[in-house]
Amino acid sequence: MLRLEGKGFHRIEVVKELSTKFGVTEQTIYNDYASRQEWQPKLSDLTDSNVLMKIANRYDQIYRDLSFKALETKNESVWLGCQNDKIKINQLMAETLLGIGTNKKVELTQTQPFIIEMWRPEVGNTKPKQ
């Protein structure tokens with residue numbers, strides 16, 4: 001349930017998938033959702049000492065998924081979107097690792113902004129033939 005929900009599936013889709021997979025009624029799955037506040041912290045082992053690592057691991061998994069997507073795509077727009085999201089994930093990861101447990105706002109400084117430009121030979125970025 002948590003994995004499917006974490007992947008972005010809607011509750012209705014999760015319920016149908018799990019009820020079919022485990023051979024139970026959909027109401028059983030909805031009951032599990034209703035009692036989730038009791039069992040999820042125990043299952044996920046969410047204590048103060050490991051919450052930070054769980055969040056970091058989730059960001060890391062998202063980053064890996066984006067890297068894989070960027071490698072397998074042939075669409076430039078998808079590739080650029082993946083790169084942009086990876087940058088955002090890095091910022092969120094740094095804010096999470098540096099900012100949890102403090103009341104201070106973490107400011108990430110960047111010495112120089114960088115711009116990703118696509119090389120396009122049709123625009124004239126190539127050397128003229130001699």
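3J(HN,Hα) along the range 77-91: 5, 5, 4, 5, x, 4, 4, 4, 5, 5, 5, 4, 4, 4, 5 Hz, from the Karplus curve 6.51 cos²θ - 1.76 cosθ + 1.60 with θ = phi - 60°, whole Hz, x for Gly and Pro. Note on the range 1-44: Cα convex hull, mean projected area over all directions, 3.0 nm².
Using a cut-off of 25 Å between Cα atoms, the listed pairs LYS7/LYS86; LYS21/LYS42; LYS7/LYS88; LYS21/LYS88; LYS54/LYS88; LYS21/LYS74 include LYS21/LYS88; LYS21/LYS74 as exceeding that distance.
The numbers here are math on the coordinates, done by the rules we state, and not lab data. Predicted model only: the values in this text are computed from it and were never measured.
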